[in-house]
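Enquirer: Input: one structure, supplied below.
Every number in this text was worked out from the coordinates using simple rules, so none of it is lab data. Since the structure is predicted, the reported quantities are computational estimates derived from the model, not experimental observations. Counting neighbours? That spans all protein chains shown, and the Cβs are built from the backbone with ideal geometry, glycine included.
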Amino acid sequence: MRVESKFLNRILYIRPSGEIDEHNATSARKEVDTLAEQYVTLAQQVVFDLGEISFMDSTGIGFLIGRYKKFHRYGVPMYIANPSQATDKILTVSGVYTLIPKI
C-alpha cells in the first residue's frame with residue numbers, strides 16, 4: 001500500500017492506494033500518523049481520498065477511526081472522499097459515516 005499526501009489551502013489531503021488490511025495497515029498507520037504530527041496545527045481539515053483503495057476489511061475501518069480520533073483530539077475535522085462502491089458499502093454498513101462524513 002502506498003500513501004500520497006498534499007497540503008493545499010490549509011487542507012491535508014491523504015490518498016492511500018491498494019489494500020487496507022492487516023498486512024499493510026501498520027505501515028500506513030505510521031505514515032499517516034507522521035503526517036498528522038506535521039500538519040495537525042496547520043490544517044483546518046483532513047480529506048481521505050479513498051479512490052485508489054482496491055480492498056478494505058475491518059482493519060481498514062479501524063485505521064480510519066483511529067486517524068479520526070487523532071485529528072478530532074486537535075479539533076481538525078476529517079472527511080472521506082471518492083470511495084469505490086465496495087468501500088462505500090463497507091463504510092455505510094459499519095456506520096463510519098456517522099463519525100467521518102463523506103464529501
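Enquirer: Is there a residue in the range 62-75 that is of a type in the set (Val, Ile, Thr), within 23 Å of Ile90 (Cβ to Cβ) and in contact with a Ser or Thr (Cβ under 8 Å, 6 or more places away or on another chain)?
Expert: The answer is no; no qualifying residue exists.
Enquirer: Considering only strands (runs of 3 or more DSSP E) fully contained in the range 1-91, which possess at least 3 residues that are touching a Lys or Arg at 6+ places or on another chain (Cβ under 9 Å) and either among the hydroxyl-bearing types (Ser, Thr, Tyr) or at positive phi (or both)?
Expert: 11-20
Enquirer: Please indicate, with yes or no, whether at least one residue in the range 45-53 is surrounded by 14 or more Cβ atoms within 10 Å (Cβ to Cβ) and either hydroxyl-bearing (Ser, Thr, Tyr) or more than 22 Å from Thr92 (Cβ to Cβ) (or both).
Expert: No: the range 45-53 contains no residue that is surrounded by 14 or more Cβ atoms within 10 Å (Cβ to Cβ) and either hydroxyl-bearing (Ser, Thr, Tyr) or more than 22 Å from Thr92 (Cβ to Cβ) (or both).
Enquirer: Separate question: Mind counting the residues in the range 80-94 that are buried (at least 16 other Cβ atoms within 10 Å of the Cβ) and closer than 13 Å to Gln45 by Cβ?
Expert: Residues in the range 80-94 being buried (at least 16 other Cβ atoms within 10 Å of the Cβ) and closer than 13 Å to Gln45 by Cβ: 1 in total.
Enquirer: Is it true that Lys30 is exposed (fewer than 12 other Cβ atoms within 10 Å of the Cβ), under 13 Å from the mean Cα position of the chain (by Cα) and within 18 Å of Thr98 (Cβ to Cβ)?
Expert: So Lys30 fails the test.
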